[in-house]
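Have a look at this one before I ask anything.
Nothing in this text is a laboratory measurement; each read-out follows from the coordinates by a stated rule. These numbers were taken from a predicted model, which means no experiment stands behind them. So basically every Cβ, Gly included, is an ideal-geometry build from the backbone, and we count neighbours across all protein chains shown.
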């Protein structure tokens, strides 16, 4: 169920609305085993809230294990790209979930915590979670393909467009470990996000980066085009699939 309102939620840094269609087309999907793990660790599977859902990648996975998922995002454009699901309610809002107090068993933020008003998010999570409810946040760091390609990606990420990353991106580079979360933290097993991509798909994914969009706005596509040519020289047959791996950094536990 989608509940659009045609507006943006106020008070957020919007890095993705302008390319929401590319975001849903090229962003990788989270592994099913992650949602199985969260469902097993949560005290029930009646209701989950996915905050900062974007176009619903995490919400879709949660809906396979939870009876109802409320998925919120401050970008109306992102929500408009979300795939409808009978167990998902989408809402355009930042951290005001609209969920009844003490009714959720799980609250998640997938690749989104660094863009949020974190104290406001934690306050709302504490309100909506039932006693013993689970909070889980995660992000994925710079991808790995093969050494000859990884060095190009690393240089482009840190040097070519390094100055265009919003300061909040630092939290992702740190795997959210520097974020103070008031939780009784679980020893979460390692997870990895994997996607098989052609050259065009990989370059499409890179173009969804917020820093790339800011770089294009400031000085055009020359830097991205030069990177694309360098990657193409080492990729091999453009239509051939390469396994792209993203380390997932998951923090989860009961809110104190």
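Given 37 °C and 0.692 mPa s, compute D for the chain with the Stokes-Einstein relation, Rh being the Kirkwood radius over Cα pairs; round to the nearest whole µm²/s. It would help to have the intermediate numbers written out before the result.
On the way: Rh = 18.8 Å.
For the chosen part, D equals 174 µm²/s.
Normalised by the residues of region 2-255, what does the relative contact order come to in percent, with Cα pairs under 8 Å and at least six apart? Intermediate results must be reported in sequence, preceding the final value.
Values: 480 pairs, mean separation 56.9, N = 254.
That works out to 22 percent.
Another question, then. Does anyone have the angle between helix 222-235 and the longest principal axis of the chain? Alpha-carbon axes, 0 to 90°, nearest 10?
In the chain, helix 222-235 runs at an angle near 80 degrees to the longest axis.
Could you put 237, 99, 216 in order, starting from the residue whose Cβ has the fewest other Cβ atoms within 10 Å?
On the way: 237 8, 99 22, 216 17.
Fewest-to-most ranking of 237, 99, 216: 237, 216, 99.
Specify the angular offset, from 0 to 90 degrees and rounded to the nearest 10, of the alpha carbon long axis of helix 210-219 from the longest principal axis of the alpha carbons in the chain.
Around 40 degrees separate the two axes.
Also, I was wondering about something else. For the Cα atoms of the chain, what angle does the longest principal axis make with the long axis of helix 32-41, in degrees from 0 to 90, nearest 10?
Approximately 30 degrees, to the nearest ten.
What number do you get for region 56-108 when its Cα radius of gyration is normalised by 2.2 N^0.38 Å, N = residues? Mind dumping the intermediate values first?
Working: Rg = 10.6 Å, N = 53, 2.2 N^0.38 = 9.9 Å.
Ratio of Cα Rg to 2.2 N^0.38 Å: 1.07.
In nm, what is the difference between 0.36 nm times the number of residues separating residue 127 and residue 222 and their Cα-Cα distance?
Gain on stretching residue 127 to residue 222: 29.4 nm.
In whole Å, what is the distance between the alpha-carbon centres of region 198-256 and region 28-98?
If we compute the Cα centre of each part, the gap is 24 Å.
Have a look at 51, 139, 215 and tell me which one the Gaussian network model of the chain (Cα, springs below 10 Å) gives the largest fluctuation.
215
Shifting gears a bit: For region 134-256, what Kirkwood radius comes out of the mean inverse Cα-Cα distance, in Å?
About 16.0 Å for region 134-256.
I want the antiparallel fraction of DSSP beta bridges within the chain, as a percent rounded to 5. Write out the running numbers ahead of the final one.
Numbers: 18 of 39 bridges.
Here the share of antiparallel DSSP bridges comes out near 45 percent.
For 72, 89, 32, what ranking results if the residue with the fewest other Cβ atoms within 10 Å of its Cβ goes first? Don't skip to the end; give the middle numbers.
Numbers: 72 25, 89 17, 32 11.
Taking fewest neighbouring Cβ atoms as first place, the list is 32, 89, 72.
At a 10 Å Cβ-Cβ cut-off, how would you order 85, 114, fewest neighbours first?
Values: 85 18, 114 21.
Final ranking by Cβ density, sparse to dense: 85, 114.
With the chain treated as a Gaussian network of Cα nodes joined by springs under 10 Å, which of 127, 221, 83 yields the largest mean-square fluctuation?
Residue with maximal mean-square fluctuation among 127, 221, 83: 221.
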